[in-house]
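K.L.:
Take a look at the following structure, please.
The values are calculated or read from the model by the stated rules, or taken from the named source; none is laboratory data. Since the structure is predicted, the reported quantities are computational estimates derived from the model, not experimental observations. Using ideal geometry, Cβ is built from the backbone for each residue, glycine included, and neighbour counts are taken over all protein chains shown.
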Amino acid sequence: MKIPVAILGATGSVGQRFVELLHNHPWFDVVAVAASKQSAGKTYRNAVNWLMHTPLPENIASMVVQECQPNIPVKIVFSALDTEVAGEIEKRFAEAGYLVISNASSHRMHSDVPLLIPEVNRSHLELLDQQKFATGKIVTNPNCSAIGLALALKPLHDRFGIEAVHIVTMQAVSGAGYPGVASMDIMDNVIPYIKSEEEKLETEPLKILGTYSNGHIIPASMKISAQCNRVAVSDGHTGCVSIKLKQKVSPEMMIEAWRSCSSDIHHLNLPLAPKKATHYFDEPNFPQPKLHRHLDKGMGVAIGRLRKCSLFDYKFTILSHNTIRGAAGGAILCAELIHALEIR
Ligand code: NAP
């Protein structure tokens, strides 16, 4: 018997990805879709502009979109709500007893909310004991670029220690939601500004890579500087990273850290978990969004171009799928972990 779940913000860029990834999921069954008042009352087929590469599942297409009210007969809701409204709506669902797994930034940095990447910081789920929502809970999925960065940094942080990171991102248009950036703005162009993105990328990895201790997260002590750009790529965020480590290491040791990285969720065989979270490519012109965004079900982080940096120690390039690993897929993996650990 599958677990019934609902999607809030089901009509958007991330919401559609939830619908696609949860179709035929072995554990979860989407029984309700919800969105804004403009969509509520329409069938999902009529409310959505379906942009996924797979056909719109017939059972979801015929569902009537609901308003985001906490009266849906499920225990788990995935939130792909617009950040402007997510904070309040998600809080109401948690207060009503739901487990909310959110992609929005509203609750991410709250001291009692896990900012979860299952392969990186499952111990942060201990924070749920600090939440005061009676039986409901909020778990958040990090920013889409922060997820790729944190997964790439984790093996280096554990083995060598990190002092400083500089990252320049080239982020896909689907990261701006639907319809997102106007085509007249992005065609033939690079936009060197994404609202609040640099702040998220400079702070979220410190919480993600931080240590859980006695009901708190002690943030990782490294410094991060980020510059974020919107580019004319459909899906997949690329990041050019320079890194200063706490000890001298060879390039072979760096690559070995990525290639041999394992995680403490591996044995749980979670359906959406990648075989390996990080994949290092030797080809000098990899990774590329067009070629590698679907790596390992879209859940893997592609890494390449490791070389010496004349300012820091090393530089390299990372790439991850923003609406799969960086949003819906990451959130589903969080729910799979919570279910496998039998957290109630
Ligand atoms: P989007 O395409 O703009 O979709 C927003 C969704 O929120 C739509 O379903 C919309 O419904 C719904 N909504 C808007 N106002 C509402 C209201 N007042 N009440 C209820 N529902 C409302 O945005 P997105 O890109 O999917 O992003 C969703 C969330 O995920 C955001 O918080 C974003 O920051 C985060 N995120 C996005 C990405 C990405 O790559 N896109 C990655 C990581 C995290 P209608 O269609 O009815 O308006």
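Matching residues to (1) touching an Asp or Glu at 6+ places or on another chain (Cβ under 7 Å); (2) closer than 30 Å to Ala340 by Cα:
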site	(1), (2)
Ala10	no, yes
Gly15	no, yes
His23	no, yes
Val30	no, yes
Lys37	yes, no
Gly41	no, no
Ala47	no, no
Leu51	no, no
Pro57	no, yes
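K.L.:
Another question about this same structure. Looking at Ile89, Ile72, Ile101, which one is in a strand (DSSP E or B) and modelled with pLDDT of 95 or more? Working first, answer last.
P.N.:
Working: Ile89 fails: in a strand (DSSP E or B); Ile72 fails: in a strand (DSSP E or B).
Just one listed residue meets the conditions, Ile101.
K.L.:
Tell me which helices (runs of 4 or more DSSP H) are completely within the stretch 1-68 and hold 3 or more residues being surrounded by 23 or more Cβ atoms within 10 Å (Cβ to Cβ), or say none if there are none.
P.N.:
Values: elements: 13-22, 44-47, 58-61.
Helices (runs of 4 or more DSSP H) meeting the threshold: 13-22.
K.L.:
Out of Ala6, Ala40, Ala10, which single residue is hydrophobic (A, V, I, L, M, F, W, C), free of Cβ contacts under 8 Å to residues at least 60 places away in the same chain and within 14 Å of the ligand (Cβ to nearest atom)? Before you say what the answer is, go through the steps one by one.
P.N.:
Details: Ala6 fails: free of Cβ contacts under 8 Å to residues at least 60 places away in the same chain; Ala10 fails: free of Cβ contacts under 8 Å to residues at least 60 places away in the same chain.
Going through Ala6, Ala40, Ala10 in turn, just one is hydrophobic (A, V, I, L, M, F, W, C), free of Cβ contacts under 8 Å to residues at least 60 places away in the same chain and within 14 Å of the ligand (Cβ to nearest atom): Ala40.
K.L.:
Quick one: is Glu58 away from the ligand (no atom under 11 Å from the Cβ) and not assigned by TED's automatic domain parsing to the domain that holds Val181?
P.N.:
Working: away from the ligand (no atom under 11 Å from the Cβ): yes; not assigned by TED's automatic domain parsing to the domain that holds Val181: yes.
It is true that Glu58 is away from the ligand (no atom under 11 Å from the Cβ) and not assigned by TED's automatic domain parsing to the domain that holds Val181.
K.L.:
For the stretch 105-118, state whether one or more residues are assigned to a loop (DSSP other than H, G, I, E, B), touching a residue at least 60 places away in the same chain (Cβ under 8 Å) and among the β-branched types (Val, Ile, Thr).
P.N.:
yes
K.L.:
Among the residues of the stretch 322-342, is there at least one that is modelled with pLDDT of 95 or more, crowded, with 16+ Cβ neighbours inside 10 Å and part of a loop (DSSP other than H, G, I, E, B)? Quick ask: steps written out before the conclusion?
P.N.:
The first filter runs over the stretch 322-342 and keeps only residues modelled with pLDDT of 95 or more, leaving 322-341.
Subset that is crowded, with 16+ Cβ neighbours inside 10 Å: 322-340.
Subset that is part of a loop (DSSP other than H, G, I, E, B): 322-323.
Checking the stretch 322-342: at least one residue is modelled with pLDDT of 95 or more, crowded, with 16+ Cβ neighbours inside 10 Å and part of a loop (DSSP other than H, G, I, E, B).
K.L.:
If I go through the stretch 77-99 residue by residue, how many of them are away from the ligand (no atom under 11 Å from the Cβ) and free of Cβ contacts under 8 Å to residues at least 60 places away in the same chain? It would help to see each step written out before you state the result.
P.N.:
Just the residues of the stretch 77-99 that are away from the ligand (no atom under 11 Å from the Cβ), to begin with: 77, 91-99.
Next, from what is left, pick out any that are free of Cβ contacts under 8 Å to residues at least 60 places away in the same chain: 91-92, 94-98.
Residues in the stretch 77-99 being away from the ligand (no atom under 11 Å from the Cβ) and free of Cβ contacts under 8 Å to residues at least 60 places away in the same chain: 7 in total.
K.L.:
Mind checking whether some residue in the stretch 128-144 is under 30 Å from Arg92 (Cα atoms), outside any strand (DSSP E or B) and free of Cβ contacts under 8 Å to residues at least 24 places away in the same chain?
P.N.:
Taking the stretch 128-144 first, the residues under 30 Å from Arg92 (Cα atoms) are 128-144.
Now restrict to residues that are outside any strand (DSSP E or B): 128-136, 141-144.
Next, only the ones that are free of Cβ contacts under 8 Å to residues at least 24 places away in the same chain stay: 132.
Yes.
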